[in-house]
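In what follows, a single structure is set out as structure tokens and then discussed.
The values are calculated or read from the model by the stated rules, or taken from the named source; none is laboratory data. The shown structure was predicted, so the numbers you read here are calculated from the model rather than taken from an experiment. Counting neighbours? That spans all protein chains shown, and the Cβs are built from the backbone with ideal geometry, glycine included. Heavy atoms of the whole protein, side chains included, go into the accessibility calculation; ligands, DNA and RNA do not. Shrake-Rupley method; radii C 1.70, N 1.55, O 1.52, S 1.80 Å.
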Amino acid sequence: MKIIAAITTFIFALPIVLSNFIYLGIPGGSLYFLLYLLFCICFVPLSVFLFILSLFFKKIRETAITGIIVSAVLIMMLLLSILIFKLHDESGFIIGANYNKFNSVKWQKAKFYVSNQREYMLKDLVQNILPNKNIEEMIGLLGDPHAVISGDNAYYLYSRDGDTVFRINYSDKNGNSASYELIDKKSLYKSNIMKGSMIYYITGPGFMDPWALYIFFDEDGIFKEYKLGST
């Protein structure tokens, strides 16, 4: 039981805390947290059950106490991680945004609507990759944005044949399509429209309120700032 306790604490608890300080890749992403949740659901009640039994059977008392300690450690680690998360004043990030270094290929191929892969690259991306990049460099790294907001208008971009963008301009408050046109992608990326804010979904359109990365540029088309929020 002690060996299991030590392995469990190392695998499940320590990475959550350490990820606030270092880039710590965790295989599986969402699967990791699913296993963590299932383990807590199964292990904590089992530990409590063994502890109750130990009141009547002294032979399992040591095992029960070890289980209780591990359960407490798991819970305390999670709470500590949340506290660190708040103290760092990074409320825009998820706990885990520090898991992976940014990888352009993985970002563009990530199925963001079913995976947390983009979330796990966010901290490295916004702190170390985005600064001083221009629009063309940004698109080269992140791929085509899902949408661009320029002034009061939102332009949702749909690639066609890789060379053309079908641009729908939603201009009224109800999101009704006011105009649309086909425009050459290279022309679009050099236009003032792109100097608004580019939007990349982090958790995708399958969600009722998708979470997204907003990238803002200055008048010269150079990265200015970012924001994280719902769309």
(request) Could you tell me which residue of segment 73-123 is nearest to GLY143 (Cα to Cα), considering only residues that are aliphatic (A, V, I, L, M) and modelled with pLDDT under 65? (result) ILE94
(request) Would you please list the contacts, defined by Cβ atoms under 6 Å and residues six or more apart or on different chains, that run from a residue in segment 211-231 that is open to solvent by less than 50 Å² (accessible area, probe 1.4 Å) to a residue that is of a type in the set (A, V, I, L, M, F, W, C) and assigned to a loop (DSSP other than H, G, I, E, B)? (result) PHE223/LEU130
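State which residue is modelled with the highest pLDDT when the search covers only segment 131-177 and only residues that are assigned to a loop (DSSP other than H, G, I, E, B), over 22 Å from the mean Cα position of the chain (by Cα) and within 23 Å of ASP218 (Cβ to Cβ).
Applying the first criterion (assigned to a loop (DSSP other than H, G, I, E, B)) to segment 131-177 yields 131-133, 143-146, 151-152, 161-163, 171-176.
Checking the rest, the ones that are also over 22 Å from the mean Cα position of the chain (by Cα) come to 132, 151-152, 161-163, 171-176.
Retained after the next criterion (residues that are within 23 Å of ASP218 (Cβ to Cβ)): 132, 151-152.
Working: ASN132: 93, GLY151: 73, ASP152: 72.
Of everything passing the filter in segment 131-177, ASN132 is modelled with the highest pLDDT.
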(request) Taking TYR32 as meeting all but one of (1) touching a strand residue (DSSP E or B) at 6+ places or on another chain (Cβ under 8 Å); (2) modelled with pLDDT under 75; (3) surrounded by 18 or more Cβ atoms within 10 Å (Cβ to Cβ), write down the number of the exception. (result) (1)
(message) Restricting to segment 115-130, name every residue that is part of a loop (DSSP other than H, G, I, E, B) and either open to solvent by less than 20 Å² (accessible area, probe 1.4 Å) or among the acidic types (Asp, Glu) (or both).
(response) ARG118, LEU130
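Filtering segment 131-147 down to residues that are under 13 Å from LEU213 (Cβ atoms) and either of a type in the set (Val, Ile, Thr) or in contact with a strand residue (DSSP E or B) (Cβ under 7 Å, 6 or more places away or on another chain) (or both), which residue is surrounded by the most Cβ atoms within 10 Å (Cβ to Cβ)?
Result: PRO145.
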(message) All but one of (1) open to solvent by 40 Å² or more (accessible area, probe 1.4 Å); (2) modelled with pLDDT under 65; (3) farther than 30 Å from ALA212 by Cα hold for ALA5; state the number of the condition that does not hold.
(response) (1)
